[in-house]
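Okay, structure first, notes after.
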Amino acid sequence: MPATPSSPAVAAELMQLLRHMSRTAENVGERLPEEARRIHYGETEARDIRGQASAEELEALLDEGIMVLPLPPPEDDLH
């Protein structure tokens, strides 16, 4: 039987991938909206970034066609 999106194995694999992405992305902190725009509009090199943004800032980025994925902070940032 193929894995379904709700299967525990798929969920575990997805969490592992998200943790890896979070650990390897550059943490730009509160500059996330500004830095995401700079990357999107070609003003700086493309790279994986992470940081903080308000719901309004995230909505504005999405309205501009900038791909963002709200996620909780990585475990390392919680300590």
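Residues are listed down the side, and each one gets a yes or a no for (1) of a type outside the set (Asp, Glu); (2) in contact (Cβ under 8 Å) with a residue 24 or more places away in the chain; (3) in contact with a Gly (Cβ under 8 Å, 6 or more places away or on another chain):
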residue: THR24; (1), (2), (3): yes, yes, no
residue: VAL28; (1), (2), (3): yes, no, yes
residue: GLU34; (1), (2), (3): no, no, no
residue: GLY42; (1), (2), (3): yes, no, no
residue: GLU45; (1), (2), (3): no, no, no
residue: ARG50; (1), (2), (3): yes, yes, no
Would you check if ILE66 is surrounded by 13 or more Cβ atoms within 10 Å (Cβ to Cβ), of a type in the set (A, V, I, L, M) and in contact with a His (Cβ under 8 Å, 6 or more places away or on another chain)? yes
Conditions (1) within 16 Å of the chain's Cα centre (by Cα); (2) at pLDDT below 95; (3) assigned to a loop (DSSP other than H, G, I, E, B); number of the one not met by THR4: (1)
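Report the residue count in segment 10-54 for those that are part of a helix (DSSP H, G or I) and at pLDDT 95 or above.
Here the count works out to 9.
Under the condition of being assigned to a loop (DSSP other than H, G, I, E, B) and not hydrophobic (A, V, I, L, M, F, W, C), which residue from segment 55-76 is nearest to ARG19 (Cα to Cα)? If you could, list the steps in order and put the result at the bottom.
Of the residues in segment 55-76, the ones assigned to a loop (DSSP other than H, G, I, E, B) are 64-74.
Within this subset, residues satisfying the condition of being not hydrophobic (A, V, I, L, M, F, W, C) are 64-65, 70, 72-74.
Numbers: GLU64: 27, GLY65: 25, PRO70: 13, PRO72: 10, PRO73: 9, PRO74: 7 Å.
Checked segment 55-76; the qualifying residue nearest to ARG19 (Cα to Cα) is PRO74.
The values are calculated or read from the model by the stated rules, or taken from the named source; none is laboratory data. Small disclaimer: the values here were computed from a predicted structure and weren't measured. Every residue, glycine as well, gets a Cβ built from its backbone with ideal geometry; the counts of neighbours run over all protein chains shown.
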